[in-house]
Structures are given as structure tokens and as C-alpha cells.
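Trainee: Dropping a structure here in C-alpha cells format, bear with me for questions.
The values are calculated or read from the model by the stated rules, or taken from the named source; none is laboratory data. Predicted model, so just to flag it, every value in this text is computed and none were measured. Glycine gets a Cβ as well: all are built from the backbone with ideal geometry, and neighbour counts include every protein chain shown.
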Amino acid sequence: MNTGGRPLGELFLGFALVLLGILILAGTLSITVAPAYSRVGPRVFPFVVAAGMIVLGILYAIESWKGAQTPAADHAVSLWPIMIISGGIILDALLMPSLGFILSSTILFVLVAVGFGSRRYLRDGLVGLALSAVAYVTFVYGLGLKLPAGAFAGWS
């Protein structure tokens, strides 16, 4: 929808990002922090995400207002990438308990790459496997969080 030369849908998206960032910020402020945390605690990453969403939402709304984001009217939108990426997210959630974080996240990475037009499946699989393994090690051993190990359960 475009009124007066201004793309209302894109403006709405920018404002929605700002609102979501504010909601994340409000939720982050309600996290209770034990006195043992001197600087880095459970609020750091949500604060970064909230600030990033607010800033990006404002910038997106400004760019949309200027008309920089509006595609040409004859530009066709394909739903196929959206379906592939959405299916990957759903598949990741369904497979994570059985396959584990590393393998299900690798599959998700490949499907997102395919959704963005990549046809280099082996490369995408290897990159996804490496990134998923690094994320797993960081969260499990660096932060002490519990993630499903799946096929790698006996390796620790």
C-alpha cells in the first residue's frame, strides 16, 4: 500500500521493528540479576538485540519514508524462498530433539542458503556444520547452557 508516495507497508515494518525492540528492552529490564554478575550477565545480549532492532527499525523507517526501499512496481515477488526458509525453521525445531543442535542447525543453514539462491550444497553443508559446531561449543562449554547433543551425545 502506498499513499502520497509513501510506502505504508515498509513504514509499518520499520515501526514494528522499533516496537519489538522496545518490548524486548522492557522484558530484559524485568530479568533479575544475581549480585554475582559484575558486568556481563543475562541482560547483555538481550540489550544488544533490543538496541539493534530499535536502531535498524528507525533507519528502515527513514529509508522507507525517503522511498529508498520501494521496489519497482513490476518486480515480481517469489514465495518459494520464503517457503524454503520457513520450512527450514520448522524442520529445525522438529529435528533438534532427535538429531541434536549441530545437525539440525546445519540443515537449517543449508535450507536458508538455498532460499537465498545458493546451489552449492556441499559447501553450504560444511560451512553450516562448522558454524553450528562452534555455536554449540560456545553455548555448552563457554556459557554452560544445555543444548541437545543428538548424534554427538557420547563425544563430550
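Trainee: Looking only at region 90-101, which residues are in contact (Cβ under 8 Å) with a residue 12 or more places away in the chain and surrounded by fewer than 13 Cβ atoms within 10 Å (Cβ to Cβ)?
Mentor: Across region 90-101, the qualifying residues are PRO97, SER98.
Trainee: Which of the following residues is under 19 Å from the mean Cα position of the chain (by Cα) and closer than 25 Å to ILE82 by Cα: LEU122, LEU103?
Mentor: That would be LEU103, the only listed residue that is under 19 Å from the mean Cα position of the chain (by Cα) and closer than 25 Å to ILE82 by Cα.
Trainee: Hey, among the residues in region 25-80 that are loosely packed, with under 13 Cβ neighbours inside 10 Å and among the charged types (D, E, K, R), which one's modelled with the lowest pLDDT?
Mentor: ASP74
Trainee: Assuming PRO97 fulfils every condition listed in (1) at pLDDT below 90; (2) under 26 Å from PRO42 (Cα atoms) apart from one, which condition is it?
Mentor: With (1) at pLDDT below 90; (2) under 26 Å from PRO42 (Cα atoms) applied to PRO97, the lone miss is (1).
Trainee: Yes or no: region 137-148 includes at least one residue that is outside the structural domain of ALA16 (by TED's automatic domain parsing), of a type in the set (Lys, Arg) and either modelled with pLDDT of 90 or more or closer than 20 Å to GLY9 by Cα (or both).
Mentor: No, the conditions are met nowhere in region 137-148.
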